Structure formats: C-alpha cells, structure tokens
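One structure below.
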Amino acid sequence: MWTDRLDAKLLKLKKEGLSFAEIGERMGLTRNAVLGRYQRLNGVVFPSQLERRRSRAAVAKLKEDARLKKEDAIIRKMKAAIAAGTDRAKAMHQAHVAGARYQVIGDVFGLSRERAYQIATGY
C-alpha cells in the first residue's frame, strides 16, 4: 500500500510540523498507520521484530545442528560398511539415500560433490 509518493508526502507533512493524527486525516489513513510507517522510514526496529529474528535464527541453528548430527552418524555407518567390505560406490549411494549430502560424502574421500554423485549413481 505504501508507495514512494506516499512516503514522500508523509515526510513532507511531518516536516511541516503536523501531528500524526493530522497527517493521517489528510492522507485518509489512521494515526497508527502513519506513525508506524514514519518510524520504519526512520529505521526504527521494534523489539518484536528483533525477537522474531532471534527465534528464527535459533530454530535454524537447531535444524542445522540436527542435520549435521544425522549426517555424521550416516557417514560413520558408511565408513563402517566400506571397512566391512561393501563396495565404495554402493556405500556412497546408501549414505545419500539415508540423507547425507554428496558434498559431505565427497569430503570424506577428498572428492568434489559432483564426483561423489557420479560414483554413487554409477555403481
């Protein structure tokens, strides 16, 4: 709803000394809508926004940690299978099917992600 023209008009009216209620009346908006937009234009970050960012980051970190832990277990299982005599390509394929990324599988053998993919899918 807010455009560059409306933003410019809001800033101009505020610079003229009008209150937010008066600006809202002239623009056909509520006082709170005008006040909120003015604060955002001036870079005010509300605590609720900061908390949402923190909680999203915390959830993302938990997911990443869980993924890494799962991948680590899969890689250990793949290494054990290879040590027990399973074909390397087959073990790589099984690790990928279990949830390990080709990049991680490749890192174990000093290979690129693409080469790990080629080996695992060509067994």
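Would you mind calculating the gained length between L41 and W2 on full extension (0.36 nm times residue separation, minus the Cα-Cα distance), in nm to one decimal? Kindly include the intermediate steps, with their values, before the conclusion.
Numbers: separation 39, 0.36 × 39 = 14.04 nm, distance 1.10 nm.
In short, 12.9 nm is gained.
Test of understanding: what is the full-extension gain from D72 to A89, defined as 0.36 nm times their sequence separation minus their Cα-Cα distance?
The span from D72 to A89 would gain 4.3 nm if fully extended.
Within the range 40-82, whose backbone N sits under 14 Å from a point 7 Å along Cα→Cβ of V97?
78
With N residues in the chain, what two-decimal value do you get for its Cα radius of gyration over 2.2 N^0.38 Å?
Compared with the compact-globule rule of thumb, the chain sits at 2.04.
Tell me which of L18, M78, A95 sits at the most positive position along the dipole axis of the chain, charges placed on C-beta atoms (Lys, Arg +1; Asp, Glu -1).
Result: L18.
Hey, can you list the DSSP H helices of the chain whose Cα span along the axis is 27 Å or longer and whose average Kyte-Doolittle score is at least 1.6?
The answer is none, since no helix passes both cut-offs.
What lysines does K61 reach when the alpha-carbon gap must be under 24 Å and sequence neighbours fewer than 8 apart in one chain are set aside?
Partners within reach: K69, K70.
Which FRET efficiency, nearest 0.05, do R113 and S55 yield, Cβ-Cβ r, R0 30 Å? Don't jump to the answer; show the numbers that get you there.
Details: r = 32 Å, r/R0 = 1.06.
Result of the calculation: an efficiency of 0.40.
For the chain, with only Lys/Arg (+1) and Asp/Glu (-1) charged at the beta-carbon, what is the dipole magnitude about the Cα centre, in debye rounded to 20?
Approximately 120 debye in magnitude.
Quick note: the coordinates plus some simple rules give every number you see, no bench work behind them. What you see is a predicted model, and the numbers here were worked out from it, not measured in a lab. FYI the Cβ positions are ideal-geometry reconstructions off the backbone, even for glycines, and counts take in every protein chain you see.
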